[in-house]
1. Return the residues of the stretch 219-234 that are under 8 Å from the mean Cα position of the chain (by Cα) and buried (at least 21 other Cβ atoms within 10 Å of the Cβ); say none if nothing qualifies.
2. Can you find a residue that is of a type outside the set (Lys, Arg), buried (at least 20 other Cβ atoms within 10 Å of the Cβ), under 22 Å from GLU245 (Cβ atoms) and out of contact with any Lys or Arg (no Cβ under 6 Å at 6 or more places or on another chain) anywhere in the stretch 142-151?
3. Name the pairs: first residue in the stretch 200-223 and farther than 14 Å from ASP138 by Cβ, second residue among the aliphatic types (A, V, I, L, M) and modelled with pLDDT under 85, Cβ to Cβ under 8 Å, at least 6 apart or on different chains?
4. Got a sec? Which of LYS95, LYS106 is assigned to a helix (DSSP H, G or I), modelled with pLDDT under 65, at negative phi and not small (Gly, Ala, Ser)?
Amino acid sequence: MLEHFGIKDFIDILLVAALLYYLFKMVKISGMRPLFIGIVVFMIIWVLVSQVFDMVLLGSILDQFVNIGLILLVILFQDEIRRFLMSLGSKKGWKFVSKLFIPVDKQQKDTSHITSIVLACMNMSKARIGALIVVQGDLQLNLYEQTGEIINADISSRLIENIFFKNSPLHDGAMIVVGKKIKAAGCILPISQNPNIPKHMGLRHRAGLGITQETDAKVIVVSEETGKITFAEEGRLKINVNPEELQQLILAE
């Protein structure tokens, strides 16, 4: 068997492993990891019973479960499947492929607008002013922009701080950044249902995590209680980041 093992088989195994890892990563974000592991274990048992040991009766029963299970999987993992397909079609999904074949032009980018965001977050952190900032990725956030007030202004640290000032009517909502513009503020975001979120984290953190589970956006949360800055991306939280880390995380592709 091994003597017929070639480069095509190696690539096949590598692609399957990469797909399983990516799917595992997706379901881990939504807190459905135990269910995913259970499905993988069931599939291994099914292959062993039907293909390896050739148990006809038990194999036929498991076959029926598999046929019904395909429909159930689509229902159970509809959010993960949608997110997977969106990521494949996004620019970020193609950047990895293009880097393998096309040389990257490393030109210096203007990051002054990111510096303004970081500066505003540092100032609000010191003053214990809560904030929720969403930086749009490849996927548009028009649906969420419509839930708030359209601003469409150039980014500046002073404007960001005024938006989240405690007496501001837009203080409790999210601010959405698109490119070098503050597109909207006072926006409503989806709340994450991930049970692994630390209990001391409030609605801002859950909303920030929620939008990263639905889109490829990056989120910055400033805690009103502690002043700590949390960064969220792809359904993961990085707590208590410093200014240098924050700048790097926002700029990272």
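The values are calculated or read from the model by the stated rules, or taken from the named source; none is laboratory data. Quantities reported herein were computed from a predicted structural model and do not represent experimental measurements. So basically every Cβ, Gly included, is an ideal-geometry build from the backbone, and we count neighbours across all protein chains shown.
1. Kept after step one, since they are under 8 Å from the mean Cα position of the chain (by Cα), are these residues of the stretch 219-234: 232-234.
ALA232, the sole residue that qualifies.
2. Keep residues of the stretch 142-151 that are of a type outside the set (Lys, Arg), which gives 142-151.
The next check asks that each one be buried (at least 20 other Cβ atoms within 10 Å of the Cβ); those that pass are 144-145.
Now drop any that are not under 22 Å from GLU245 (Cβ atoms), which leaves none.
Scanning the stretch 142-151 turns up no residue that is of a type outside the set (Lys, Arg), buried (at least 20 other Cβ atoms within 10 Å of the Cβ), under 22 Å from GLU245 (Cβ atoms) and out of contact with any Lys or Arg (no Cβ under 6 Å at 6 or more places or on another chain).
3. Note: pairs meeting the criteria are HIS205/ILE197; ARG206/ILE197; LEU209/ILE197; GLN213/ILE29.
4. Details: LYS106 fails: assigned to a helix (DSSP H, G or I).
Going through LYS95, LYS106 in turn, the sole match is LYS95.
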